[in-house]
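For reference, the structure is listed below as structure tokens.
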Amino acid sequence: MIGRILNLRRAGVLGLNARNGDYIFHYNQRKYYPLVDDKILCKERMVRENLPVPELIGVLREMHEVGDVADMLGECKEFVVKPANGSGGDGILVILGSQGEYFLDADGRMVDFETLEHHITNIIGGIYSLGGQPDAAMIESLVHFDPAFSRLTYHGVPDVRVIVFKGYPVMAMSRLPTRRSHGKANLHQGAIGVGIDLGSGITMGGVSGNSTVSHHPDTGAEIAGFHVPGWNRILDMSSRCYEAVHLGYLGVDIVLDRDLGPLILELNARPGLNIQIANRRGLRHRLDAVDAHCIELGDVVENPAQRAQWSRDILGEAAQQAKLAG
Amino acid sequence: MIFAYKVIRLGYPPYPDMESAAWTVQAKLELTPEKGAVRASLTLPSRPSGYNLAQENFVSRGFGLTVKEGNFNRKADWAIRRLRDSKSLYYRLLVIRDTQQRSFASRPDYPAPPDLEEPFATAARDLVNKVRAESADTESFAAAMLNRLTGSEPDENMDLFLAEVENFRDRVNLAQTLLAGARIPTLQLHGIRLDADAQRAKLETLLAVYNGDEWLVFDPVSAAEGLPGDFFIWWTGQGELAEVKGAHIKDLQISTRQRVKSSLELAQQRAELQKSRISLISTLQLPIQTQAVYEILLLIPIGILVIVLLRNFVGLSSFGTFAPVLIALAFRETELLKGIGLFVLIVSMGLFFRFYLERLRLLLVPRLAAVVTIVVILMTAISIISNEFGYETGLSVSLFPMIIVSMVIERMSVVWEERGAFTSIKEGIGSLFMAALAYLVMSVDMFAYWVTVFPEVNLMILGIIIALGRYTGFRLTELRRFKPLLVKEKAPE
């Protein structure tokens with residue numbers, strides 16, 4: 001057991017306690033948490049900073065507003081209902097279309113209007129929020145994901161998660177929805193995590209739970225070697241989020257829209273650690289590299305584009321391999 | 001760590017002091033019925049010198065019970081119209097050592113000289129005269145008389161009396177008669193010695209002699225003077241311990257047991273500490289009932305420490321951060337296995353109803369309220385049903401913190417829907433496991449003793465929790481979780 005601890009340490013694996021104690025407590029000030037925890041506030045801030053986000057259709061804060069949902073939606077038949085303060089992807093209802101009286105969810109199940117309203121009242125009641133506090137439900141327009149991803153996803157929308165430390169992207173992965181995850185891009189719910197090379201934007205091997213997968217279980221497509229479109233843009237956007245929300249240790253979730261390109265879906269002040277498994281790399285060495293770089297820079301502050309470039313050059317797979325070999 | 005140092009350095013006894021000051025004394029009267037109505041009376045101790053009485057209990061199902069209170073004479077009278085089988089009556093009390101000396105009898109009248117037949121009357125007179133000549137006061141008179149009685153100094157008058165003595169009781173009576181001949185008031189003291197645990201404590205009789213000012217106590221066998229410190233006076237005078245009409249006393253036994261952990265004993269110990277060392281803050285000044293509450297409250301930090309370890313070091317997750325501790329507290333009353341059984345029963349039944357409620361599409365707060373109500377109804381039902389069948393554990397179901405149970409049910413059902421039954425049940429079992437572990441740690445007697453006598457132990461626990469709070473190493477479960485990330489060891493060259 002001691003051997004394994006030392007081994008993981010050498011691999012630079014970050015544990016939950018270390019993430020919380022050494023990074024989140026130090027670099028994420030509590031006063032900025034609501035900016036990312038409340039998805040409505042987060043969206044407003046993103047819009048202010050000119051960062052692209054999916055369009056917000058409406059917000060429901062009170063029970064009596066639930067009746068207005070029909071008006072709010074209007075002719076829109078493709079949308080996503082989310083709790084503003086949800087966690088872990090719970091409580092997200094994705095509607096892909098409608099059939100007569102019914103809506104169709106990501107699994108192709110029929111959802112009647114009453115079920116939709118009940119779901120919204122549950123969200124407002126706080127069933128998905130931390131501590132059960134009253135919450136708000138937000139309705140967003142559906143992202144039409146880039147067809148480039150279609151071979152790698154089952155229903156749902158795949159996303160890209162980038163961990164940004166002090167404004168420097170340090171690690172990235174893509175989360176591919178599967179039949180098991182009900183179209184949700186959530187690793188806990190069965191989505192596949194795929195490591196992405198920061199330098200090139202090309203996917204590496206995938207993991208489902210803790211085991212490796214080479215092919216998507218529902219589409220059969222090979223996971224590795226896929227080039228994520230608009231990679232440079234994704235990294236630039238991620239870097240800019242640091243200025244937007246002032247969180248030193250940040251998870252940025254990005255989706256690729258067919259028409260609009262990369263959109264920031266949400267930010268996370270306590271990003272999970274599975275990204276290490278998806279990438280087969282520990283985070284710690286990269287975080288240390290960023291720290292060292294910042295010390296080197298002294299008082300100089302790099303702009304987001306410079307930071308993204310640094311990450312591509314130094315933390316990219318090519319540079320990392322060279323370092324390992326050297 | 002400083003606190004551990006403090007405890008060790010200041011030398012507070014870490015274990016309960018075995019020289020206990022409190023005893024549980026129980027008298028068991030076993031009756032076999034003879035005929036008709038049965039009356040049994042048991043003499044009860046009343047304010048014995050050097051002891052205090054507390055928590056008197058009578059166990060006598062079916063019998064009517066009256067307790068006659070007198071100043072120096074208390075009696076419990078049991079009565080039953082008809083007794084079919086042998087029956088045991090119990091009287092139990094807590095006896096606490098007390099330094100206060102009390103008189104065990106009021107100021108007596110001077111007894112009339114005994115009316116004896118010849119040749120005993122003359123022999124008694126001679127004996128009294130002879131002993132009076134050898135003694136200075138009542139005390140030395142009684143001592144000399146008892147000495148003669150024990151036969152250490154042969155005397156032909158005494159031999160005359162001793163020829164009639166068949167047993168110990170006669171001997172004591174004889175001593176009383178002879179002392180009455182000198183118009184000295186005497187009293188028999190019956191009691192037991194509280195020096196060791198005994199299934200069948202031996203009843204002993206001492207003789208008290210009144211010297212005009214106070215009672216002096218003599219051992220009628222050895223003639224030694226003084227009331228032994230461990231002698232617990234049960235009753236005085238000529239009467240018997242128990243008298244029964246309409247039944248036959250099959251057995252009468254007095255058992256004594258030292259209370260190793262009575263809070264009163266702790267209080268005594270604390271008093272000792274106070275005299276010799278610093279005065280320490282302790283819950284022992286509180287009333288007994290409040291003490292019982294604090295005994296539980298003070299244990300909570302230890303339970304929580306267990307949860308901290310399990311969550312941040314082992315990496316288990318549970319429903320509700322500290323819910324397992326509260327469930328563990330309920331286990332204290334129900335015992336572990338039965339507690340787990342009851343908990344699983346309530347939660348699974350609650351889940352069943354919760355799924356039904358889901359179909360009614362209730363809003364969150366009313367739905368939670370409905371779950372709480374259902375949990376209360378379930379608890380009541382379980383208590384009533386188990387009472388019908390005579391299972392006593394079922395009754396303790398009411399001790400479960402119902403709000404916590406309701407929240408567990410609610411969280412489980414949400415997780416059930418969102419993540420599937422497997423995850424939900426797994427986390428439920430995880431919570432239960434943590435509760436069981438917290439219970440096991442909290443039920444360690446030594447911890448219970450520590451927190452009640454040294455509440456500052458909780459400061460120590462606080463220190464440990466704070467120290468653990470900065471642990472940023474791996475959790476045990478993470479060793480498995482991050483297995484794919486292990487660096488391949490280089491093959492030995």
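The values are calculated or read from the model by the stated rules, or taken from the named source; none is laboratory data. Note that the structure is a prediction, hence the values are computed from the model and not measured. Glycine gets a Cβ as well: all are built from the backbone with ideal geometry, and neighbour counts include every protein chain shown.
Within the range A:1-94, which helices (runs of 4 or more DSSP H) (wholly inside it) include 2 or more residues that are within 20 Å of the chain's Cα centre (by Cα) and surrounded by fewer than 18 Cβ atoms within 10 Å (Cβ to Cβ)? It would help to see each step written out before you state the result.
Numbers: elements: A:2-10, A:33-37, A:39-48, A:69-73.
Ranges flagged: A:33-37, A:39-48.
So the check is Cβ under 9 Å with 6+ separation or different chains; which pairs have a first residue in the range A:1-28 that's facing chain B (nearest Cβ under 7 Å) and a second one that's crowded, with 17+ Cβ neighbours inside 10 Å and among the acidic types (Asp, Glu)?
Qualifying pairs under 9 Å: A:Leu8/B:Glu478; A:Val13/B:Glu478; A:Gly15/B:Glu478; A:Leu16/B:Glu478; A:Asn17/B:Glu478.
From the list A:Arg240, A:Arg233, which residue is assigned to a helix (DSSP H, G or I), surrounded by fewer than 20 Cβ atoms within 10 Å (Cβ to Cβ) and more than 14 Å from chain B (Cβ to nearest Cβ)?
Numbers: A:Arg240 fails: surrounded by fewer than 20 Cβ atoms within 10 Å (Cβ to Cβ).
Just one listed residue meets the conditions, A:Arg233.
Given the criterion within 29 Å of A:Asp257 (Cα to Cα), away from every other protein chain (no Cβ under 11 Å) and at pLDDT 90 or above, identify the matching residue among A:Pro34, A:Pro54.
Working: A:Pro34 fails: at pLDDT 90 or above.
Among A:Pro34, A:Pro54, only A:Pro54 is within 29 Å of A:Asp257 (Cα to Cα), away from every other protein chain (no Cβ under 11 Å) and at pLDDT 90 or above.
Looking only at the range B:188-202, count how many residues are exposed (fewer than 15 other Cβ atoms within 10 Å of the Cβ) and either over 23 Å from B:Ile96 (Cα atoms) or in contact with a Leu (Cβ under 9 Å, 6 or more places away or on another chain) (or both).
0
Could you figure out which of (1) buried (at least 24 other Cβ atoms within 10 Å of the Cβ); (2) in contact with a helix residue (DSSP H, G or I) (Cβ under 7 Å, 6 or more places away or on another chain); (3) part of a strand (DSSP E or B) isn't true of A:Glu266?
Condition not satisfied by A:Glu266: (1).
Which is touching a strand residue (DSSP E or B) at 6+ places or on another chain (Cβ under 9 Å), buried (at least 24 other Cβ atoms within 10 Å of the Cβ), at pLDDT below 85 and not β-branched (Val, Ile, Thr), of A:Ala191, A:Ala185, A:Ala172? Steps first, answer last, please.
Numbers: A:Ala191 fails: at pLDDT below 85; A:Ala172 fails: at pLDDT below 85.
Exactly one residue qualifies, and that residue is A:Ala185.
For the range A:202-230, how many residues are over 27 Å from A:Gly91 (Cβ atoms) and surrounded by 22 or more Cβ atoms within 10 Å (Cβ to Cβ)?
3
With the checklist (1) more than 30 Å from B:Gln176 (Cβ to Cβ); (2) modelled with pLDDT under 80; (3) part of a strand (DSSP E or B) in hand, flag the one item B:Arg82 doesn't pass.
(3)
Out of the residues in the range A:103-115 meeting the condition of being surrounded by fewer than 16 Cβ atoms within 10 Å (Cβ to Cβ) and modelled with pLDDT of 85 or more, tell me which one is farthest from the other protein chains (Cβ to nearest Cβ).
Filtering the range A:103-115 for residues that are surrounded by fewer than 16 Cβ atoms within 10 Å (Cβ to Cβ) and modelled with pLDDT of 85 or more, the one farthest from the other protein chains (Cβ to nearest Cβ) comes out as A:Met110.
Residues in the range A:116-132: is at least one in a loop (DSSP other than H, G, I, E, B), outside the structural domain of A:Thr178 (by TED's automatic domain parsing), crowded, with 20+ Cβ neighbours inside 10 Å and not charged (D, E, K, R)?
yes
All but one of (1) more than 23 Å from A:Val36 (Cα to Cα); (2) in contact with a helix residue (DSSP H, G or I) (Cβ under 9 Å, 6 or more places away or on another chain); (3) within 14 Å of another protein chain (Cβ to nearest Cβ) hold for A:Glu222; which doesn't?
Going through (1) more than 23 Å from A:Val36 (Cα to Cα); (2) in contact with a helix residue (DSSP H, G or I) (Cβ under 9 Å, 6 or more places away or on another chain); (3) within 14 Å of another protein chain (Cβ to nearest Cβ) one by one, A:Glu222 breaks only (3).
For A:His182, state whether it is within 12 Å of chain B (Cβ to nearest Cβ), of a type outside the set (A, V, I, L, M), more than 20 Å from A:Pro271 (Cα to Cα) and in contact (Cβ under 8 Å) with a residue 60 or more places away in the chain. Even if it seems obvious, please write down each step before you answer.
Working: within 12 Å of chain B (Cβ to nearest Cβ): yes; of a type outside the set (A, V, I, L, M): yes; more than 20 Å from A:Pro271 (Cα to Cα): yes; in contact (Cβ under 8 Å) with a residue 60 or more places away in the chain: yes.
Yes.
State whether the residues of the range B:388-407 include one that is at pLDDT 80 or above and touching an Asp or Glu at 6+ places or on another chain (Cβ under 7 Å).
No, the conditions are met nowhere in the range B:388-407.
I'm told A:Met237 meets every condition in (1) within 15 Å of the chain's Cα centre (by Cα); (2) at pLDDT below 90 except one. Can you identify the failing condition by its number?
(2)
Would you check if there is a residue in the range B:414-427 being more than 13 Å from every other protein chain (Cβ to nearest Cβ), touching a residue at least 40 places away in the same chain (Cβ under 8 Å) and surrounded by 14 or more Cβ atoms within 10 Å (Cβ to Cβ)?
No, there is no match, as no residue in the range B:414-427 is more than 13 Å from every other protein chain (Cβ to nearest Cβ), touching a residue at least 40 places away in the same chain (Cβ under 8 Å) and surrounded by 14 or more Cβ atoms within 10 Å (Cβ to Cβ).
From the set of residues in the range B:439-479 that are within 21 Å of B:Leu299 (Cβ to Cβ) and touching an Asp or Glu at 6+ places or on another chain (Cβ under 7 Å), which is surrounded by the fewest Cβ atoms within 10 Å (Cβ to Cβ)? Explain how you work it out, then say what you get.
We begin by selecting, within the range B:439-479, every residue within 21 Å of B:Leu299 (Cβ to Cβ); these are B:439-469.
Filter again for touching an Asp or Glu at 6+ places or on another chain (Cβ under 7 Å), leaving B:448, B:452.
Details: B:Ala448: 18, B:Thr452: 22.
Per the stated criteria, the residue is B:Ala448.
Quickly run through the range A:271-304 and pick out the residues that are crowded, with 18+ Cβ neighbours inside 10 Å and away from chain B (no Cβ under 14 Å).
Hits for the range A:271-304 are A:Pro271, A:Ala289, A:Val290, A:Pro304.
Which helices (runs of 4 or more DSSP H) does the range B:281-385 wholly contain that include 2 or more residues that are modelled with pLDDT under 85? Don't jump to the end; show me each part of the working.
Details: elements: B:288-297, B:300-308, B:323-334, B:336-359.
By residue number, B:288-297, B:323-334, B:336-359.
Quickly run through the range B:342-363 and pick out the residues that are away from every other protein chain (no Cβ under 14 Å) and either β-branched (Val, Ile, Thr) or without any contact (Cβ under 8 Å) to a residue 12 or more places away in the chain (or both). Even if it seems obvious, please write down each step before you answer.
Within the range B:342-363, the first condition is being away from every other protein chain (no Cβ under 14 Å), and the residues that meet it are B:342-353, B:355-356.
Selection gives B:Val344, B:Ile346, B:Val347, B:Ser348, B:Phe352, B:Tyr356.
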